Each structure stands twice: as structure tokens, then as C-alpha cells.
Amino acid sequence: FCGGPIPPKIMTQPALLKSTGLFVLAYLTLLVASLFLGNTYVQTLLPLYRWELNHLAQDYQLQSLVISEIHGEQSITLTLLTKYFVLGRQVIPAGISISCSTLTGHAIQHLLLIVSLVVAWPTPALKQKFVQICLALPFLLLVELLDIPFVLFGSAQDLMASSLASTESYFSIMWMNFMNGGGRQALSIFAAMLAVIGSRYCYSTSKSQAA
């Protein structure tokens, strides 16, 4: 049984300024921390990325997934080896190596946006704020898994399709283009809002049960 969402309140100018200040402070704090711990954060996600890519890229053998420096920027680099399969109307022989990458900053960006938004979002009680932050963590993980592995796999598919001059559409390539075209930020904001909505339901339910 859910007690229903807490009715929205009109945010006053001081409250808006406070939330904006909290967002900027949280974002800058996390940004500075990411300069020292960003690679560590991404390293903890690599095993999950590998697990997902092994399921996504079943026509390939995953050779490596590492953090590397490309043109002075930290990147997540994926190297795949083709198995024998058919792509469109083309037969792909085994043993072709494909390497693609995406910036580690893309993974870190989700952490910065989601955590900063839920920290800054106003709540009537600290308990709800705590619930809000806790609920954001699984959504953060979900967003990370919807981004980096799919984008890397889409990049590999795009490279393969381009080399074969294939004009067929592939979901992985379309998803990669969506994420790189602003979908990454939209997904983070959506995840943060889900955490906010979830915390309101949890808080209102606990209040109704206590009453």
C-alpha cells in the first residue's frame, strides 16, 4: 500500500537559490574528486561492463577492456576478435581484430549529474534526502550499464558495417548515436528524477504508516 506522492510545493526564490547552490557545490566537489578517483570509479565498473559485453557481443571474442590514454584523454578501450558470423549479407571471417573506445568522462558524467541532482533536490526532511540518495545508486548503476557497454558495442558494429559499406540499420548503432547526441545527459536526469519520485513515495508511505 502506498500513501501517494507528497503534493508538490511552489519553490520560493530562496529555496531555488539554495538548491542551485547545492547542485553547483555538489557537482564541483565531485568533479574535483573525479580528477583523483575517476579512474578508480571506472575500474570498479569494468567487470560489469565485461559481463554485459560478453552477452551483447556474442559474435565476437572479447580480447580486452581497459582504461588507456588516447590523444591525451583517458578512455575505455574495447578490443574484440570476430568469430565466424554473417552481418547483413556479408560473411565475416573469424580472427578480425576491432578496437574502439569511449571517454572515461562519459561514465563519470553520470555520477556527477545524478548524485548532484538528488543532493540538491529539496526535501521536507533529512530522512527523505537520505532515501533519495540511496535510491539514486541503483539507478546510477543501471544508467552506467545502459551507456558504456552499448556505446562500445555500437561503435564496434559501426566500424564493421562501415568497412563493409553496409546500409542496414542496427539498434546498437542507433543507441550509440542517441547517447552521443545528448541522450547520455537526458538519461542521467531521468534516473535522478526516478530517485526523487521514489523517495517521495517511500517517505509518504512511512508517514502514513506511522500515523
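The values are calculated or read from the model by the stated rules, or taken from the named source; none is laboratory data. All values reported here derive from a predicted model rather than from experimental measurement. Every residue, glycine as well, gets a Cβ built from its backbone with ideal geometry; the counts of neighbours run over all protein chains shown. For the accessible areas, the whole protein counts, side chains as well, though only heavy atoms, and no ligand, DNA or RNA atoms are used. Shrake-Rupley method; radii C 1.70, N 1.55, O 1.52, S 1.80 Å.
Structure summary
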item: Cα long-axis angle, helix 126-163 against the chain (0 to 90 degrees, to the nearest 10); result: 20
item: The chain - Rg and Dmax from Cα coordinates, angstrom; result: 20.8, 67
item: Length added when fully stretched, Y41-L103, from 0.36 nm per residue minus Cα-Cα; result: 21.0 nm
item: Residue of E168, E73, E52 that the Gaussian network model of the chain assigns the largest fluctuation, springs spanning Cα pairs under 10 Å; result: E168
item: Protection-proxy order for peptides 190-200, 106-116, each taking the mean of Cβ atoms within 10 Å per residue, highest first; result: 106-116, 190-200
item: Residues T29 and I70, FRET efficiency given R0 of 41 Å [Cβ-Cβ distance, rounded to 0.05]; result: 0.90
item: Per residue value of the accessible surface for the chain (all protein chains in place, 1.4 Å probe), Å²; result: 56
item: Protection proxy ranking of 137-145, 149-157 - average other beta-carbon atoms within 10 Å, highest first; result: 149-157, 137-145
item: Segment 137-211 - Rg and Dmax from Cα coordinates, angstrom; result: 18.4, 66
item: Segment S166-M193, length gained on full extension (0.36 nm per residue, minus Cα span); result: 5.8 nm
item: Separation of alpha-carbon centers, segment 135-197 and segment 10-57, rounded to whole Å; result: 17
item: Rounded tilt (10° steps) of 104-120 against the dominant C-alpha axis of the chain; result: 10
item: Extended-chain gain in nm, criterion 0.36 nm per residue less alpha-carbon gap, A186 and L17; result: 58.6 nm
item: Accessible surface of the chain, 1.4 Å probe, proportion on carbon and sulfur as whole %; result: 67
item: Relative contact order of the chain, pairs being alpha-carbon contacts under 8 Å that are 6 or more residues apart, as %; result: 25
item: Helix 13-56 vs. the chain, principal-axis angle (Cα, 0 to 90°, nearest 10); result: 30
item: Cut-off 11 Å between beta-carbons: net charge of the residues surrounding S188, Lys and Arg +1, Asp and Glu -1; result: -1
